[in-house]
1. Testing Gly119 on (1) over 15 Å from the mean Cα position of the chain (by Cα); (2) part of a loop (DSSP other than H, G, I, E, B), one condition comes back false. Which one is that?
2. Taking the stretch 126-144 as the region of interest, how many residues are in a strand (DSSP E or B), surrounded by 15 or more Cβ atoms within 10 Å (Cβ to Cβ) and touching a Ser or Thr at 6+ places or on another chain (Cβ under 7 Å)?
3. State which residue is modelled with the lowest pLDDT when the search covers only the stretch 16-33 and only residues that are acidic (Asp, Glu) and surrounded by 18 or more Cβ atoms within 10 Å (Cβ to Cβ).
4. Being closer than 23 Å to Ala16 by Cβ, at pLDDT below 95 and buried (at least 16 other Cβ atoms within 10 Å of the Cβ): is that true of Arg75 here?
5. Applying the selection to the stretch 160-177, what residues are in contact (Cβ under 8 Å) with a residue 60 or more places away in the chain, touching a Leu at 6+ places or on another chain (Cβ under 8 Å) and of a type outside the set (Phe, Trp, Tyr)?
6. Pick from Gly101, Gly139: which is in contact with a Gly (Cβ under 7 Å, 6 or more places away or on another chain) and in contact (Cβ under 8 Å) with a residue 12 or more places away in the chain?
7. Is it true that Arg109 is closer than 25 Å to Asn42 by Cβ, of a type in the set (D, E, K, R) and buried (at least 19 other Cβ atoms within 10 Å of the Cβ)?
8. Of (1) modelled with pLDDT of 95 or more; (2) within 23 Å of Gly101 (Cβ to Cβ); (3) in contact with a Lys or Arg (Cβ under 8 Å, 6 or more places away or on another chain), Phe132 satisfies all except one. Which?
Amino acid sequence: MRQSEQPSFEELMTAATHTAVHLEMRDTYGVSDEADDFRRWNRTGERDTDPTSPYWGPWVALVQDAVGRGVKVRRVRIVSEPVSEYIKYEHAGTVVNVGAGENVRWLPRRQASGLALPGNDFWLFDEKTVLFNHFAGDGEVSPEGRELRTEPEVAELAAQAFAAAWNLATPHDQYKI
């Protein structure tokens, strides 16, 4: 399916009925919409954690809507230790994810060596639709962008990888950086 024919992330999240899980495996992202906030955090140590801010508001509303429908929204971040400055930044903002209803865990990369993991970050919706996110080396979204896969074997691979990482990972409130 060409990217232009794929449903948007928001449509996939809105269509989820049971689960929406996210596996992140990079130590840095260069996502443009957070660049200013990241630079500010590097200068001041202050992070936007206002759930109603222009940056967080749409995400918080999307997650709260899903959770309100009974969807379990979970995220595992596999990270190298000591963590990168970007991961410190993510950790500082995770309070908003959790407040919106996400359950977030952290897994040190050294503890993930025995896991079979896909080559890319992904979202898995209802254990049947996988949205892979492709990034360039600098952390920006690559020209290929997103890849939607619905083959049962790909969804099963993603589900098994997420479950294995989840079971080893530390809940956000217990993970210290």
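The values are calculated or read from the model by the stated rules, or taken from the named source; none is laboratory data. Small disclaimer: the values here were computed from a predicted structure and weren't measured. All Cβ positions, even for glycine, are placed from backbone atoms using ideal geometry, and neighbour counts span all protein chains on display.
1. (1)
2. Taking the stretch 126-144 first, the residues in a strand (DSSP E or B) are 129-135, 141-144.
Cutting the leftovers down to surrounded by 15 or more Cβ atoms within 10 Å (Cβ to Cβ) gives us 129-133, 135, 141.
Subset that is touching a Ser or Thr at 6+ places or on another chain (Cβ under 7 Å): 129, 135.
Selection size over the stretch 126-144: 2.
3. First, the residues of the stretch 16-33 that are acidic (Asp, Glu): 24, 27, 33.
Within this subset, residues satisfying the condition of being surrounded by 18 or more Cβ atoms within 10 Å (Cβ to Cβ) are 24, 27.
On the way: Glu24: 98, Asp27: 95.
This residue is Asp27.
4. Working: closer than 23 Å to Ala16 by Cβ: yes; at pLDDT below 95: no; buried (at least 16 other Cβ atoms within 10 Å of the Cβ): yes.
No; evaluated as a whole, the condition is false for this residue.
5. Listed by number, the residues that qualify are Ala161, Ala165, Leu168, Ala169, Thr170.
6. On the way: Gly101 fails: in contact with a Gly (Cβ under 7 Å, 6 or more places away or on another chain).
Among Gly101, Gly139, only Gly139 is in contact with a Gly (Cβ under 7 Å, 6 or more places away or on another chain) and in contact (Cβ under 8 Å) with a residue 12 or more places away in the chain.
7. Details: closer than 25 Å to Asn42 by Cβ: yes; of a type in the set (D, E, K, R): yes; buried (at least 19 other Cβ atoms within 10 Å of the Cβ): no.
Considered against the rule, which asks whether it is closer than 25 Å to Asn42 by Cβ, of a type in the set (D, E, K, R) and buried (at least 19 other Cβ atoms within 10 Å of the Cβ), Arg109 comes out as no.
8. (2)
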